[in-house]
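The values are calculated or read from the model by the stated rules, or taken from the named source; none is laboratory data. Small disclaimer: the values here were computed from a predicted structure and weren't measured. Here the Cβ positions follow ideal geometry from the backbone for every residue, glycine too, while neighbour counts run over all protein chains shown. We work out accessible area using only protein heavy atoms, side chains counted, and drop any ligands, DNA or RNA first. Shrake-Rupley method; radii C 1.70, N 1.55, O 1.52, S 1.80 Å.
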Amino acid sequence: QVQLVESGGGLVQAGGSLTISCQTSARTFGSFAMGWFRQLPGKEREFVAAINWSGSDTYYADSAKGRFTISRDNGQNTCNLQMNKLQPGDTAVYFCAARWNNVSMTPDYDYWGQGTQVTVSS
């Protein structure tokens with residue numbers, strides 16, 4: 001079983017920045033496409049960003065383009081989401097996810113973390 005652990009969430013003021021991280025001990029991390037999704041209470045999980053296994057290709061939701069950057073370090077088994085110019089509308093629980101093979105912008109990932117809360121105050 002692959003375990004993903006998010007960290008780095010917290011409270012930040014509007015306009016601020018935050019980097020959240022996803023860590024796994026899985027030896028197969030370098031084979032996974034990685035994604036970040038977010039979810040508000042009572043709402044469906046929505047795509048934020050994704051990155052392919054090598055890090056050469058990245059994908060973003062329109063709401064994240066120009067503000068968020070996804071990256072990965074296969075040597076450290078980590079995937080980060082740097083978030084800049086945060087707004088109250090970015091407040092959500094953020095989940096990292098891993099998927100065999102190709103990147104997906106829908107939540108059909110094979111493994112999920114428990115989530116980390118990001119709260120942006122106005």
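A few remarks follow.
- Among (1) under 22 Å from residue 1 (Cβ atoms); (2) polar (S, T, N, Q); (3) surrounded by fewer than 16 Cβ atoms within 10 Å (Cβ to Cβ), the one test that residue 19 misses: (1)
- For segment 103-113, the criterion of a residue being over 11 Å from the mean Cα position of the chain (by Cα), without any contact (Cβ under 8 Å) to a residue 60 or more places away in the chain and surrounded by fewer than 16 Cβ atoms within 10 Å (Cβ to Cβ) is satisfied by at least one position.
- Condition check for residue 59: open to solvent by 50 Å² or more (accessible area, probe 1.4 Å) and modelled with pLDDT of 95 or more: yes
- The single condition among (1) loosely packed, with under 14 Cβ neighbours inside 10 Å; (2) outside any strand (DSSP E or B) that residue 117 does not satisfy is (2).
- Within segment 25-43, restricting attention to residues that are open to solvent by 10 Å² or more (accessible area, probe 1.4 Å) and in contact (Cβ under 8 Å) with a residue 60 or more places away in the chain, the residue that is nearest to the chain's Cα centre (by Cα) is 38.
- Among (1) more than 14 Å from residue 47 (Cα to Cα); (2) crowded, with 19+ Cβ neighbours inside 10 Å, the one test that residue 92 misses: (1)
- Looking only at residues in segment 64-79 that are under 17 Å from residue 104 (Cα atoms) and out of contact with any Leu (no Cβ under 6 Å at 6 or more places or on another chain), the one that is surrounded by the fewest Cβ atoms within 10 Å (Cβ to Cβ) is 65.
- Test: residue in segment 37-44 that is touching an Asp or Glu at 6+ places or on another chain (Cβ under 8 Å) and of a type outside the set (Lys, Arg): yes
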